[in-house]
1. How would R351, R153, R599, R250 line up by accessible area, probe 1.4 Å, largest first?
2. What is the sum of charges, Lys and Arg at +1 and Asp and Glu at -1, for the other residues whose Cβ falls under 13 Å from the Cβ of A175?
3. Please report the net charge: other residues with Cβ closer than 13 Å to the Cβ of S448, K and R +1, D and E -1.
4. Considering Cα pairs under 8 angstrom that are at least six residues apart, work out the relative contact order of the chain and quote it in whole percent.
5. Could you derive backbone 3J(HN,Hα) for segment 278-292 from the dihedral phi with the Karplus parameters 6.51, -1.76 and 1.60 (θ = phi - 60°), listing whole Hz in sequence and x where the residue is Gly or Pro?
6. Taking every Cα atom in segment 449-546, find the radius of gyration and the maximum pairwise distance Dmax, and write them in Å.
7. Given 10 Å bins starting at zero, what is the percent of C-alpha pairs of segment 53-194 in each, up to the one with the largest pair distance?
8. What are the ³J(HN,Hα) couplings of segment 579-593, residue after residue, when phi is run through the Karplus curve with 6.51, -1.76, 1.60 and θ = phi - 60°? Round to Hz, x for glycine and proline.
Amino acid sequence: MPRPKPVRTALALLVLATRLRAAPTDPEPAAASPAEPVAPTPAREYRVDFSADRVEVDPKLGTLELDGNVHVNAQRYQLTSEHLRLNRGPRGVEADGSSRVAFCACPDAPITLHATSATLAPPTDALFSNAAVEVGGVPVLWLPGLWLRAPTRVGLTLPGVSYRGQDGFLVGAGAHLPLLVDAGQVKSALDVGVGTYVARGARVETELTTESSTSRVAWDHVGNSALEIDAHGSGSTSGETVAFRADAERGPRGRIAPSSLDLAARRMDRARVGLVHAGDLVVGLGLRTDIARGSSLRDYGAFGPELFVGYGTGLGSSASVDLLGATRTTVLDGHALTHLSQRAELSGELRPGPLGVGLRLGDTSVLDVSEKRVDGDVRTGAESRVGLPLVRQFGRIAHWLEPLALARGIVDTVPRGEATRSQRTAILSAGVDTSLGDRAARQAASLSLRGAWLRDARAAEPALTSRLAADARYVGASERVAYLTDQRSLVSLSRVRFGANESLHLGLHADGASVDSAARARPLFDEEWLETPVPLLDRPGWNAGAQVGVPLGASLSVGAGSEYDLTARRLLAASSLVRYRHNCGCLALAAFVGHRLGRGGVDAWLGLDLMP
């Protein structure tokens, strides 16, 4: 007797679930058509598809007996078995019988369940009894019951375990609370996680997400406390924009708790909230606070209101003016301090014959005014630039070359209490700027080489500057170098990438400055000379780092990075990250291992997402 062909039909779960078109049960049955649903109640309508070698229907009870190669699909859930009984229960479709459950329709799901019964209530819920969790077919966990919920419903999140170096193991769980759901999509949600350090401490973390903002606040305690805040967002209505940004690591553990070297090394905690009206005239009003990172939780720093006004316009076809002014008043240690800043810039471009002539006049100032003294910096400067731009087209490739000469004068006035000192800087330079690019492919490379003469209060000496930028699929580079020849002092900021970001790639970077060279070299860079004289780097010394990304197929990628202090000869940070996403999208995994200076031991965590 020949083997029966599979019967394929569908069960439509509406207000009534008994109108099924039963398939014949003879040895050679014809495939049945999907059931025709009863007049719908849209909010209750969902669909369960199934196939089996043999189907028996009980119209009175509304049940189905499925035997042989049973496959049941309810949206993202797939059940396979040799025998199942399906019936409509108060929650949804009830499947009685031992089955293997996958979270997607692909045949090789990496994580599955073995359950003795299941209740499927798509699109929001699925309940399983006697669930054995398997990874790659190997049982790793048994649960008497498991209830899975969609992100649009309130539920608990998967338990988490991480090893936090000197703090030991951290175990915890969390809850998910959708606040606004529209058309089956979560518009805003609140996630809360609570964990405990096995040895001695606790961690509580909350994250509020909306369509235009993300706000994460965490309290971490092991001996001492840390309050971590990372929040940003904005919203616009009728020409006004409200925006906020907060980045803080507060408390005695503020510099110890983060695994990230970047977060721990930042000098200041900052918070901003403001209302901005943008038009021809930009006006903003807000509040801000600044405080040293790792300060006491009871210390609120320099807090106060802020007002800024900006205006920019064109003056004819070849000139423009930009104005910006800001003021804020803060209270620190019971004393009021008013901070004033302004910037004014007038620029123009002329084209006498083949030449390009540019003129730039500017003034910036930053003043801190208190009851007893005035401190700050005032910079006034002028620049003239003459170049001969030459362009040649080679098909899609354009080559631009410009020999140029430049003269710049800067006067810095520095009030300190009742005393005021002034410093003058003069720069003469000549060189060539060149670039080569393909606009269609959005790839370009540019190089600037200048010889310069720098004179300031300290010395008059020759200097060399260069700037390199390249942006292509398989290579990228960014480098700025200034070299003062007499004192042999150097400032360098370098970035290089080999390989496309989506394939095997290597990134290298190196930054450093010789003694006393960082502040002197800043006026040599074109785009930054008008800024107040803040060094490009805050101290002398050299550091370097590398990052490598290795995609291993379409689903797996591995990355690693390190940071090293070449001057002190010590490792600053090292980490590796492995990401896996199953090809059908049913599972995402991320594993991290890292160590950084200032935090003992190694941090490690594993993240799992069954609904990426």
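The values are calculated or read from the model by the stated rules, or taken from the named source; none is laboratory data. No experiment lies behind these values; they were computed from the predicted model shown. No Cβ is skipped: glycine too gets one built from the backbone with ideal geometry, and neighbour counts run over all protein chains shown. For the accessible areas, the whole protein counts, side chains as well, though only heavy atoms, and no ligand, DNA or RNA atoms are used. Shrake-Rupley method; radii C 1.70, N 1.55, O 1.52, S 1.80 Å.
1. Working: R351 160, R153 100, R599 5, R250 30 Å².
Sorted descending by solvent-accessible area, the residues read R351, R153, R250, R599.
2. For residues surrounding A175, the net value is -1.
3. Once all neighbours under 13 Å are counted, the net charge is -1.
4. On the way: 1653 pairs, mean separation 33.8, N = 612.
The value is 6 percent.
5. 10, x, 4, 10, 9, 10, x, 9, x, 10, 8, 8, 9, 7, 4
6. Every Cα atom of segment 449-546 included, Rg and Dmax give 15.1, 50 Å.
7. Per 10 Å bin, starting at zero, the Cα-Cα P(r) for segment 53-194 comes out as 11, 32, 33, 18, 5, 1, 0 percent.
8. Karplus-based 3J(HN,Hα) across segment 579-593 equals 10, 9, 9, 4, 5, 9, x, 8, 7, 9, 10, 9, 10, 10, 9 Hz.
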